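Read the structure below first, then the notes.
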Amino acid sequence: EGSVLAYNWVHDNTGDHTMGIYLDNFCSHFVVHHNVVWNQTSTGIRLNSDATDHLVANNTVIQATPFGVFTYAGRTPTQKGTRIINNLVIGRLAPTDPHQFVQGDLAPFWACNLTGAIDARGVPTVDSTAVDAGMVEAGITDGFIGAAPDVGAYERGGDVWQPGADWGEVASHPDLR
């Protein structure tokens, strides 16, 4: 509860039924943002039920079913309080598919998720529907460029981050010397 998964590249999990980011049943309050997930044989981001009070924002999913959900037999599926916003999908986005999202009163809040064009780095192209199509989320979309945040992991015109540790920053940290 309260964990943050951010600024990762999760890719090339090519075994049977692989997933990129996987939040298992009965966890809550995860924040999943600014990740690029590609080349999974199953699901890019999986939120198994119960999956409550998560924030899944500004991720890019390529070459995978973008989202997935599983609920144990005999349990009522819930993603109540979970917010899924500003995610860019290169593929089929199906918010009414019960295999991707819980439906009805226990469904997640879902907004500004769409498909759009990206370049080879994963950045929205100049004419992409992702540019300025997102909603503001404090602490996640701060410093956006343009009229509104872009949808996906990268802001057009912003830093093109790469995953991994900044060992220079670690080496200079006074508590780690």
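Within the stretch 91-114, residues that are on the phi < 0 side of the Ramachandran plot reach partners that are charged (D, E, K, R) with beta carbons closer than 6 Å, at six or more positions or on different chains, in the pairs 106/80; 109/83.
Of all the numbered requirements in (1) aromatic (Phe, Trp, Tyr); (2) over 30 Å from residue 159 (Cα atoms); (3) open to solvent by less than 10 Å² (accessible area, probe 1.4 Å), residue 72 misses one, and that requirement is (3). Residue pairs whose Cβ atoms lie under 6 Å apart, sitting 6 or more positions apart in sequence or on different chains, and linking a residue in the stretch 13-32 that is more than 19 Å from residue 71 (Cβ to Cβ) and hydroxyl-bearing (Ser, Thr, Tyr) to a partner that is open to solvent by less than 40 Å² (accessible area, probe 1.4 Å) and outside any loop (DSSP other than H, G, I, E, B), are 18/40.
Criterion applied to 92, 83 was being under 20 Å from residue 31 (Cβ atoms) and of a type in the set (Lys, Arg), and the one residue passing it is 83.
Taking the criterion of being crowded, with 20+ Cβ neighbours inside 10 Å and either assigned to a loop (DSSP other than H, G, I, E, B) or among the β-branched types (Val, Ile, Thr) (or both), the only residue of the stretch 13-29 that qualifies is 21.
Looking across the stretch 1-12, just one residue is part of a loop (DSSP other than H, G, I, E, B) and crowded, with 16+ Cβ neighbours inside 10 Å, and that is 8.
Of all residues in the stretch 41-61, which are touching a Gly at 6+ places or on another chain (Cβ under 7 Å), over 15 Å from residue 102 (Cβ atoms) and assigned to a strand (DSSP E or B)? 44, 60, 61 - these are the residues of the stretch 41-61 that are touching a Gly at 6+ places or on another chain (Cβ under 7 Å), over 15 Å from residue 102 (Cβ atoms) and assigned to a strand (DSSP E or B). Looking across the stretch 145-155 at every residue that is over 17 Å from the mean Cα position of the chain (by Cα) and among the hydrophobic types (A, V, I, L, M, F, W, C), the one that is surrounded by the fewest Cβ atoms within 10 Å (Cβ to Cβ) is identified as 147.
The values are calculated or read from the model by the stated rules, or taken from the named source; none is laboratory data. No experiment lies behind these values; they were computed from the predicted model shown. Neighbour counts run over all protein chains shown; Cβ positions are idealised from the backbone, glycine included. All accessible areas refer to the heavy atoms of the entire protein, side chains included, with ligands and DNA or RNA removed. Shrake-Rupley method; radii C 1.70, N 1.55, O 1.52, S 1.80 Å.
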